[in-house]
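A quick write-up on the structure given underneath.
The values are calculated or read from the model by the stated rules, or taken from the named source; none is laboratory data. Owing to the predicted nature of the structure, the values given are computational and were not obtained by experimental measurement. All Cβ positions, glycine included, derive from the backbone under ideal geometry; neighbour counts span all protein chains shown.
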Amino acid sequence: MIRLNLTATPQWLDLAPGLRLLVGPLTTALMVSARADPAIEGLPDGASQEELALAMAKAVARRAVLDWEGVGDDAGNIVPVTPEGIDALLEIWPVFEAFQTQYVAKGLILDAEKNVSAPLPSGPSAGATATARPARGAAPTAPQD
């Protein structure tokens, strides 16, 4: 069952000790806008999945992050949210992973569930049960002409 949150209020994500982001809801409009981001469209044709994932996470974050706590400059001064700051923050591996897991992945899991797909037994929606009995043995090969 899909549970609708019709309030559309921003929520705080705790990404690391002392670091949290205030993000707006992950909407269709946000994702469509992120997919059309110049950084995504500017990726070369042979870009790796990792490059695409990072570019997409940054595009989503630039649209979703409304405020943050625990982000400062080299001198320890609190800095305001900026697109450049968001990109720099997501270059930190644990922050990127936490953002992907807590914000982006929730939308992707929901996207997979809307197709009534069974959850993968080894994926983030672990729990699918086998519906077929295991084969008794190997199947014979086809006759050769």
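Name the residue, out of Arg20, Arg35, Arg62, that is of a type outside the set (A, V, I, L, M), modelled with pLDDT of 95 or more and within 14 Å of the chain's Cα centre (by Cα).
Values: Arg20 fails: within 14 Å of the chain's Cα centre (by Cα); Arg35 fails: modelled with pLDDT of 95 or more.
The unique qualifying residue is Arg62.
The numbered conditions (1) touching a helix residue (DSSP H, G or I) at 6+ places or on another chain (Cβ under 9 Å); (2) surrounded by fewer than 14 Cβ atoms within 10 Å (Cβ to Cβ); (3) more than 25 Å from Thr28 (Cβ to Cβ) are all true for Val71 except (2). Of everything in the stretch 74-83 that's at negative phi and exposed (fewer than 10 other Cβ atoms within 10 Å of the Cβ), which residue is nearest to the chain's Cα centre (by Cα)? Only one residue tops the list, namely Pro80.
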